Amino acid sequence: GLDDGLERLAAAVTARRSDPLGVLVDHVLGELVDGNGGSDDVAVVAVRLLPPPLRLDLPGEPVRLAEVRRAVRRWAAGVGLHPDALEDLLLTIGEATGNAVEHAYRDADVPGRVGVELRVADAGGVVVSVTDTGSWRPPPTDPGFRGRGLQIISALAHEVDLSPGPTGTTLRFVFSPAVRSPEVRRRQDAAGQIRLERPLDEEPVTLDVNDAQGRRCLALIGDLDLAGTTAIREPVLAALDDPRPITIDLTRLGFVTSVGAGLLLEITERARPHGDLDVLLPATGPARRMLDLTGLATALRPGSDSSPH
C-alpha cells in the first residue's frame, strides 16, 4: 500500500540522512527495490538544505581549540560529510588554528583573536579561512621535531593561500572530500559504516605510567592537540629517565596535531638510548591518519631513522 511504502521510504532516508547524497540514494534504492528492479521506472531526487557559513571568533588560547573542533563537527553534520572526510577536515583546521594560536601572539602579553570561517563551495567542497591579527613568523630553517602543519594542509586541501601582512595573517584553503585509499577503506563494515576505535567526544590527553614484566610502560590517552602537548610534555619526558626497557602505547590516542606528532617523535628519540624500545601505534582513527600523512608511522617504529623531514 502507498502509506506503507512512504513509511519505508521515510525510515530508509532517515537512517542515511548524514550520508553524501549519492550514497544515500544508492542505499535507499537498494533497500526499497529488490534485486530484479521495479515494475516501472523509478526516480529518486535527494535534496539537502545546507547550513549557513560557520563563523567563529575566539581568543587565541590553546584551550579554546577544542571548541573549534566541536563547532566544526556540529556544522559538518548538516553538510553530510562522511566520517573519514570529517577527520581530514578537522585535521586541516586544527593545523591552521594551532599555528595561529601558537605563533601569531608569541610576543604579546595578552593573546589576540582567531577567526575561523567555513562555507560550502558551489562545487561541494568546503572553503576554510583562518585569520589572526598577530605577527607572521617565517618557518625556521631547521624546524627540529616540528614544522609539518602546512605540509598536512597541502596534502589534504587545495588552493592553499597564505597571506601574511602587517595587520595579521590569513590562511585560506579549499577542502574537497575525497575517497580514502584502500588501506583506510577497509575500516568500513558491510553496511558502509565507519568503525572507529574511540568516540569522537573530546578527551584531553592523559599519561598513564605503569610497570609490567620489568618494563616501564607509558600510555598516552586522548587528544594530543596544542594544549594537551604543552601540558603533558614535561611529565612524559621525565618518565623516560627510568633506565628499564620502555613500551610507549599510542593506541588510545584520539585527535593529534602536528605539534603533538612532534612530541611523539621527540619521545621516541629520547627513549631510543634505552636499547629496548617498543612503540605501539594506533591501527586506525585520526591519530593514525596524521602519522601516515607525515610519514611518522614509519619513523616512530623502533630501529627506524627518526630524523624529521
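The values are calculated or read from the model by the stated rules, or taken from the named source; none is laboratory data. Quick caveat: nothing in here was measured; it's all calculated off a predicted structure. Note: ideal-geometry Cβ built from the backbone for every residue, glycine included; neighbour counts use all protein chains shown. Accessible surface areas use protein heavy atoms only, side chains included; no ligands, DNA or RNA. Shrake-Rupley method; radii C 1.70, N 1.55, O 1.52, S 1.80 Å.
Numbers for the structure displayed
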item	result
Residue that is modelled with the lowest pLDDT [pool: residues in the range 114-132 that are surrounded by fewer than 17 Cβ atoms within 10 Å (Cβ to Cβ) and over 13 Å from Val72 (Cα atoms)]	Ala123
3 or more residues in contact with an Asp or Glu (Cβ under 8 Å, 6 or more places away or on another chain) and more than 24 Å from Gly134 (Cβ to Cβ): qualifying helices (runs of 4 or more DSSP H) within the range 11-113	none
Output for the range 155-173, where each listed residue is free of Cβ contacts under 8 Å to residues at least 24 places away in the same chain, closer than 15 Å to Val127 by Cα and open to solvent by 70 Å² or more (accessible area, probe 1.4 Å)	His158, Glu159, Asp161
Ile232 being within 11 Å of Ile267 (Cβ to Cβ) and without any contact (Cβ under 8 Å) to a residue 60 or more places away in the chain	yes
Residue within the range 97-105 that is open to solvent by 30 Å² or more (accessible area, probe 1.4 Å), closer than 30 Å to Thr230 by Cβ and in contact with a Lys or Arg (Cβ under 6 Å, 6 or more places away or on another chain) present	yes
Pair list, Cβ < 8 Å and 6+ apart or interchain, from the range 275-291 residues that are touching a residue at least 24 places away in the same chain (Cβ under 8 Å) to residues that are among the β-branched types (Val, Ile, Thr) and assigned to a helix (DSSP H, G or I)	Leu277/Thr268; Val279/Thr268; Thr284/Val184; Arg289/Val184; Met290/Ile152
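Residues checked against (1) in contact with a Leu (Cβ under 6 Å, 6 or more places away or on another chain); (2) under 26 Å from Val101 (Cα atoms); (3) free of Cβ contacts under 8 Å to residues at least 24 places away in the same chain:
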{"site": "Leu218", "(1), (2), (3)": "no, no, no"}
{"site": "Ala227", "(1), (2), (3)": "no, yes, no"}
{"site": "Arg244", "(1), (2), (3)": "no, no, no"}
{"site": "Gly260", "(1), (2), (3)": "yes, yes, no"}
